[in-house]
Amino acid sequence: MTIPLPNYIVVKILDYIVINVKDIYMKSFLLKIALVCKSWNENIIPKLNNKNFYFSIEYKKNLYFLKILVKRNIGGYNFRVYSNSELYLEIKSDQQTYKVLPEHHLANPYLSIDTDQEDHVEKLEFLSKHFGFIDRLDITHPGTTTSRYNQPFQLFEKLKNRSLMPNLKVLDFNCIKIKVTDLVDLIDKVQPESVTLRSTPYGHEVPIIKLDALYSYMITNKTMKHFSVFNYFCEGSKKLAMDIINQNEVLEEISFTNMNKEPLQPDIKFNNPNLKKFYIDGEISDYLVKWICPSRLESIKFKTLGQEEYQSIILYHRNVKSLSFSEIPDIKLLINIIRADLKYTSLSISGAIKIDQLFIEALLSNQYLTSLVIYGELDNESLGMFFRCQHPTITYLQFIYSSPDSFPGISDDLSKNQTLKSIVFNEPSKVKSKSLPPPPPSYTILYEHIIKVLQNSSIQKFQFPFLHMPTGLTSKEFQQIRELVDKRPDIYSINIATNGSNTLLEPIKLKLREKQVEFTF
C-alpha cells in the first residue's frame with residue numbers, strides 16, 4: 001500500500017529545490033511542476049516560497065509568461081515592471097486581456113520609470129492603474145543632464161498630492177536633478193518606508209550641494225526604516241549623520257557617502273539599539289567602537305582587531321552575524337573571538353595566518369560558524385589540519401593558494417572530509433593572470449587528484465583555477481568527468497580552468513547546463 005506524502009512535506013521539498021534553482025531556470029521549472037496534477041496547481045504551487053525568483057516585465061513577451069503565472073496562482077516572486085514603450089503600447093492596445101492583475105503575494109513589486117521619456121507621467125499613471133498593487137517606485141534618468149525631462153516636476157507633484165500611487169512604500173532615485181528642499185518636501189508628503197538616493201540630487205554644482213536640510217529632516221522622521229545616500233555630487237554633514245544615528249529610533253538601515261572632512265568628535269558615543277545595517281564612507285571601525293548599548297548590527301567590518309575592537313564586540317555587538325577583520329596583530333584576540341559565545345556565522349580574515357592546534361581547537365569550540373574566508377595564503381600543513389578536523393558546522397572555506405603543484409599533498413584529506421560543501425582556492429592577486437602553468441608532467445597528476453576530490457559526495461562547489469591543459473582533455477579524462485557528472489547530481493559549481501578547446505568538452509558542458517551547474521573548464 002502506497003501512502004502519499006502530506007502536502008506540507010511536498011511543499012518543503014519543493015521549497016528546497018526552488019531555493020537552489022538558478023533564476024534563469026525558474027520559469028521552466030515552475031511550468032513543469034504545474035503539469036504534475038490539478039491538486040498540485042491548487043494546493044502545492046501557490047504555497048511555494050519563490051523569493052529567489054526575480055521576474056521583470058520589460059518586453060511584451062514577458063507579459064505572456066506573467067499571465068501563465070497568474071492563471072496558475074503562482075506568486076511570491078520578486079516583481080518589476082518597466083515603463084518600456086513596447087510594453088506600454090501592448091497593454092494599452094489590449095486592455096481587456098491585461099486587466100488589473102491581482103497581487104498574488106508578490107515579493108518586492110517594483111515599477112521602474114524613465115524620466116527621459118516625454119510621456120513618462122502618462123505611462124506611469126497607466127501602468128500603476130493596471131499594476132495597482134505595486135508600492136515600490138524606481139525613478140531613473142539615464143539620459144543627458146540637459147534634457148528638459150530631467151527635473152520631473154509634474155511627476156513629483158502627483159506623487160506629493162497622492163493622486164498617483166498613493167500606497168508607495170519604497171522610493172529609489174537614480175540621477176535625478178532636484179533641489180534638496182524639493183526632495184525633502186516630496187519625502188515628507190509621500191511618507192515612504194525606504195528611500196535610496198543614487199547620484200540624486202544630480203549635478204556638478206559650485207559650490208558643492210549640501211545635504212544638511214535632508215539630514216536634519218531625517219533626524220525626526222518617524223516612518224522610514226531604510227535610508228541610503230550613494231552620491232558624490234553632494235556632501236553630507238558628519239555631525240548631522242551622527243545625530244541621525246543617535247536620535248532617530250525608527251531607522252533599521254543607514255548608508256552615508258561623501259561626508260565632509262570634519263573630524264569625528266573624540267567624545268561621541270552611539271546609543272542606538274535598532275540599527276541592523278550601517279555603512280559610512282571612511283573607516284567604519286571608528287564608529288563601531290563608539291557604541292555604548294547592545295546593538296542589532298548584523299554585519300561588522302573592522303580594520304584592525306585590537307583590544308578596543310575586541311571589547312566592543314563582546315560588550316555591545318553580540319547580535320552580529322558576519323565579522324570581518326583586515327589586520328590581526330595579535331592572533332590570540334582572534335582565537336578569543338572565535339571561542340566567544342557569539343552566534344555569528346561568517347568570519348572573514350585578511351592576511352596570512354597559521355592554522356595550528358590552538359586555532360583548530362578554537363574553531364571546534366565554535367558551533368555557529370558556517371563560513372570561513374581567509375584573504376591570505378594557507379599552506380598544505382594548515383589545510384591538511386583543517387580538513388582532518390572535520391568541523392561540524394563550517395561548510396564554506398575560501399583562501400589564497402599559491403602552490404597548486406602541491407595539491408596532491410592535501411587531496412586525500414580533502415576527499416575524506418565530510419563536512420565541507422564549498423571550497424574555493426584563489427590565486428594570489430600579485431600573480432593573477434600572470435602565473436605560469438605548472439610543468440607539463442603535472443597536468444595528468446593534478447587532474448587525477450581533482451577528480452578524486454570531486455568524487456567526495458559532500459563537496460558541491462569546487463573552485464581550483466590552476467589546471468592549464470593547452471591540448472584539452474584526453475578521451476580517458478573526458479570519460480572520467482562525464483561519469484562524475486552523472487554520479488553527482490548535487491554539484492552546482494565547478495571551476496578548474498583547463499584552458500582547453502577540445503570539442504569533447506561540448507557534451508559535458510551541455511550536460512552541466514541541463515543540470516544547472518556553474519562551470520569553468
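Computed from the coordinates by the stated procedures, all read-outs in this text should not be read as laboratory data. This structure is a prediction, so every number in the text was calculated from the model and none was measured. A quick note on method: Cβ atoms are made from the backbone with ideal geometry, for glycine too, and the neighbour counts reach across all protein chains shown.
How much length, in nm to one decimal, is gained on full extension between VAL206 and GLN311, taken as 0.36 nm per residue of separation minus their Cα-Cα distance?
33.4 nm
Which percent of the Cα-Cα distances in the stretch 272-322 go past 12 Å?
Value for the stretch 272-322 (Cα pairs over 12 Å): 58 percent.
Of ASN258, SER285, PRO273, whose Cα points farthest to the positive end of the dipole of the stretch 221-292 (charges on the beta-carbon: +1 Lys, Arg; -1 Asp, Glu; origin at the Cα centre)?
PRO273
In debye, nearest 20, what is the charge dipole magnitude of the stretch 163-238 about its Cα centre with +1 on Lys and Arg Cβ and -1 on Asp and Glu Cβ, if you could check?
With Lys and Arg at +1 and Asp and Glu at -1, about 140 debye.
Using alpha carbons only, how many angstrom separate the centre of the stretch 364-402 from the centre of the stretch 257-310?
Each part's Cα centre sits 29 Å from the other's.
Sort all Cα-Cα distances of the stretch 324-437 into consecutive 10 angstrom bins from zero, then give the percent of pairs in each bin up to the one containing the longest distance.
In whole percents, the pair-distance histogram is 13, 48, 31, 7, 0.
For the cross-link pairs LYS301/LYS332; LYS47/LYS277; LYS222/LYS276; LYS123/LYS177, which exceed 27 Å when the distance is taken from alpha carbon to alpha carbon?
Pairs exceeding the cut-off: LYS47/LYS277.
Among residues other than PHE387 whose Cβ falls under 10 Å from its Cβ, what is the net charge (Lys/Arg +1, Asp/Glu -1)?
Around PHE387, the charge tally is 0.
Grab the other residues whose beta carbon is less than 11 angstrom from that of LEU214, score K and R as +1, D and E as -1, and report the net.
-2
Inverting the mean 1/r over all pairs of different Cα atoms, compute the Kirkwood radius of the stretch 196-281 and quote it in Å.
Evaluated on the stretch 196-281, it is 13.2 Å.
Plugging the Kirkwood radius over Cα pairs into Stokes-Einstein for the stretch 241-282, at a temperature of 4 °C and a viscosity of 1.567 mPa s, what D comes out in µm²/s?
116
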